[in-house]
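Heads up, the thing below is written out as structure tokens.
The values are calculated or read from the model by the stated rules, or taken from the named source; none is laboratory data. What you see is a predicted model; the values in this text were computed from it and never measured. Quick reminder, even Gly has a Cβ in these numbers, built from the backbone with ideal geometry, and neighbours come from all protein chains shown. Side chains included, ligands, DNA and RNA excluded: accessible areas come from the protein's heavy atoms. Shrake-Rupley method; radii C 1.70, N 1.55, O 1.52, S 1.80 Å.
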Amino acid sequence: MIHPGLLSAVMLLATVLGAAGCAAPAKPAPASADHALHTDKKTSDRNRMWQASLARAPLAVTVAFDRTGQLWRARVRDGQVWLDRSLDQGRRYSDAVAVNSQPERIAADGENRPKLAFGPAGEIYVSWTQSLDVPFSGHVRFARSLDGGRRFDAPLTVNDNHDTISHRFDSMTVTAAGHIQLVWLDKRDAQAEARVGRRYAGSSLYGAVSTDRGSSFAANRKLAEHSCECCRIALALDTDGTPVAVWRHVFGANTRDHALLRLDDQSQPVRVTHENWALDACPHHGPTLAIGHDGVLHLAWYSGAEKQRGLFYAHSRDRGASFTPPFAFGNPDAQAGHPQVLALGTRIALAWKEFDGKQTVIRVQQSRDGGRTFAGPATLAASASASDHPLLVSDGVHVLLSWNSVAEGHRFMPLAGDSP
Amino acid sequence: MMAATRVTLVLLALLAGATVQAAEPMPFVAGSMQQIRAAHAGRPFVLALWSLTCTHCQEELTQLGKLQHRHPGLNVVLVSTDTPDDAAALTATLVHHGLARAEAWVYADGFTERLRFEIDPRWGGELPRTYFYDRAHTVTARSGALAPAELERWAVTSLTTPP
């Protein structure tokens, strides 16, 4: 007699062993059923796991200010992205609107969360990663609202390779011309190499652009080969209108430092961090990038390299060609991780997570001179429960922290020196 | 299709038989790490953190299974960062890698930062993560799948070093 849980376990094992890449750290995806054996049993197992995954309320919360100063907030519940808005800096929110009417499995924890962007005529754009049945696989999804968020068009799948492989960790920005730029990590090249028996380090960075307000996207373009597989991509818009991407890359055999690419159709990726973190593992720890109105790039990242473990900040005054020597911040003996950087003129804010032995705290450090010097760190929020990564946003005047935790719920608070 | 079904049935039968010997992973909660260190006081052990959702962990488990086969006296402690709901899949995976007899634990607290802190405040959460505890419990931490030679070198050194 086979134990009831064993069948699903074997199926999960089989898919895990057959897959390549990194999945979200939280939970494995349901196994795929590809044989006729015990179809009913498999279907019910899969449905049960599917329902369980839908029922879990993911921790990831995304917030963004639109061009008129309204705050928008995206959360995932029951397989739908729910969007609400606040006119008073997060004190009260409107009723939430479902972005996708048909539920699907949406990646929404840690390094993966829905993204929000706004067009010049008030368009609202939402992207997310749809997790597929096989672990580590996903599609990049996109939906838009042209009526101020009252209703959304049916979502599009942006990746034009539809194999059940990884197209995940989407990031999105909108250029001054109103073009929508999406980038993501894509396993199609690794899959092609595997078919001819060759090993391919990591994933590839792919992108797609829409020039028609999200009605359609142009053909996918490969932007870089050999990205790390499971770290968020930092994407920001330069003052000259060029989107700039920074991601964890695989240099050589397994050195997982960071690369930068200006998405201007001419530039090549350049290496921008040099801790030489060599390992065959999934850091689940992507970088963060902000570009000020003065065109200075501000970058923060995590490294686990033995001799340079922790969080680092650097800035570039030549559009990413060279960076200042790294400034170490956070306490590496307190799990300092998951940094955010924000630039508001010459005011630069860093926020990150630490664990003090009893609770998780959000620490903040600020510069008033464009990132040359930083005031000492301060604790802004704490929780003795599971929590999301911190996010920093600005309405152009204030800098605010968005942070979700199980015990306290979603909090939105100004940094020191800001009256809300 | 028929061949695939037959292979699946054989695999199921093997695993069903093998899991009889493999215990369910124990719940790893606040205080468990202290308990593990105390239980192995004065003895070397290797502590390996892994997850079902981590590809490189499969390579690591394969090597640890072989290591334990070569050195039956070696204490291997495995902690999965999945959840107790995944117990069946965890057990099946460990059996598959020849680690049915290893001491197995699974995270049983959603507040994983606290668990990670008790294991190692300096660990960023990357997987696989391996800790070599020598007889005096001086610890060497390593991230990523390890080369078989490194595991073997540690096993030989720690097992032959007199107390």
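Points to keep in mind about this one:
- When A:154, A:190, A:219 are screened for being farther than 17 Å from residue A:81 by Cα and assigned to a loop (DSSP other than H, G, I, E, B), only A:219 passes.
- Residues located in region A:400-420, provided they are away from chain B (no Cβ under 14 Å), assigned to a strand (DSSP E or B), open to solvent by less than 30 Å² (accessible area, probe 1.4 Å) and in contact with a His (Cβ under 8 Å, 6 or more places away or on another chain): A:402
- Among residues of region A:313-342 that are more than 23 Å from residue A:369 (Cβ to Cβ), those with a beta-carbon under 7 Å from a residue that is part of a helix (DSSP H, G or I) and open to solvent by 10 Å² or more (accessible area, probe 1.4 Å) at least six positions away or on a different chain give the pairs A:335/B:113; A:335/B:116; A:335/B:117.
- Taken together, the residues in region A:108-130 that are of a type in the set (D, E, K, R), modelled with pLDDT under 95 and touching a strand residue (DSSP E or B) at 6+ places or on another chain (Cβ under 8 Å) amount to 1.
- Every residue from region A:126-151 that is part of a loop (DSSP other than H, G, I, E, B), in contact with a Ser or Thr (Cβ under 7 Å, 6 or more places away or on another chain) and basic (Lys, Arg): A:151
- Candidates A:190, A:107: the one that is touching a residue at least 60 places away in the same chain (Cβ under 8 Å), crowded, with 20+ Cβ neighbours inside 10 Å and within 20 Å of the chain's Cα centre (by Cα) is A:107.
- Search result, residues across region A:309-328 that are within 30 Å of residue A:358 (Cα to Cα), open to solvent by less than 10 Å² (accessible area, probe 1.4 Å) and of a type outside the set (A, V, I, L, M): A:310, A:313
- Residue in region B:68-80 that is charged (D, E, K, R), touching a His at 6+ places or on another chain (Cβ under 9 Å) and more than 24 Å from residue A:283 (Cα to Cα) present: no
- Region B:84-125, residues that are facing chain A (nearest Cβ under 7 Å), surrounded by fewer than 23 Cβ atoms within 10 Å (Cβ to Cβ) and under 15 Å from residue B:58 (Cα atoms): B:96
- Residues of region A:281-313 that are polar (S, T, N, Q) and within 14 Å of another protein chain (Cβ to nearest Cβ): A:303, A:308.
- When residues of region A:193-222 are limited to those that are of a type in the set (A, V, I, L, M, F, W, C) and touching a Ser or Thr at 6+ places or on another chain (Cβ under 6 Å), the one most open to solvent (accessible area, probe 1.4 Å): A:217
- Of all the numbered requirements in (1) within 23 Å of residue B:66 (Cβ to Cβ); (2) more than 9 Å from chain A (Cβ to nearest Cβ); (3) open to solvent by less than 20 Å² (accessible area, probe 1.4 Å), residue B:157 misses one, and that requirement is (3).
- Scanning region B:51-77 for residues that are without any contact (Cβ under 8 Å) to a residue 24 or more places away in the chain and more than 10 Å from every other protein chain (Cβ to nearest Cβ) returns a single hit, B:72.
- Evaluation of residue A:133 against (1) at pLDDT below 95; (2) out of contact with any Lys or Arg (no Cβ under 7 Å at 6 or more places or on another chain); (3) buried (at least 21 other Cβ atoms within 10 Å of the Cβ) (one fails), failing number: (3)
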